[in-house]
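Colleague: Shown below is the structure under consideration.
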Amino acid sequence: GPLRRGHKRVLLIAPEHSRSLYRDTGVGVNVNTSPVDLPRWLFGRGADADRHRELFPQVRSVVGEVYECVLGPGDTLYTPPFWWHHVTTLGCDPGGGGGAGEMDGGTCSSVSLLLAFDPTAEESAHPCVDDD
């Protein structure tokens, strides 16, 4: 659905890269999640980011395959089924004047509307990913 307020950076990666994103496999864990902090891996600097890259070295194979877009008010982004996505709220407008977000108790927030077009429970993992 359309972003109502604020700005968001969305990183998208095609489902065929699931193995490189270390899909969560624990009991009771959503297999469509990953422990990789993608912005830290891609854009981070310093020892903390270096340790994260060492912990998840296979992410290197998707670096050139990451699609990035910034959404503003009124923008809509269709995320195809099974695509990996990471969303970050960007910037703040402390005055609440409709800029890049609002300050809410010291945190930056934005408002968006999600229209779910998710697959059924039987289709929860992408067909190209083996269930281990």
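Colleague: Taking 0.36 nm per intervening residue step and subtracting the Cα-Cα distance, what contour gain separates Tyr22 from Leu55 on full extension?
Modeller: Between Tyr22 and Leu55, full extension yields 10.8 nm more.
Colleague: Shifting gears a bit: Kindly provide the Kirkwood hydrodynamic radius of the range 1-84 in Å, to one decimal, from all pairs of distinct alpha carbon atoms.
Modeller: About 14.2 Å for the range 1-84.
Coordinate-derived values only; no laboratory data. Just so it is clear, the model here is predicted, and its values are computed rather than measured.
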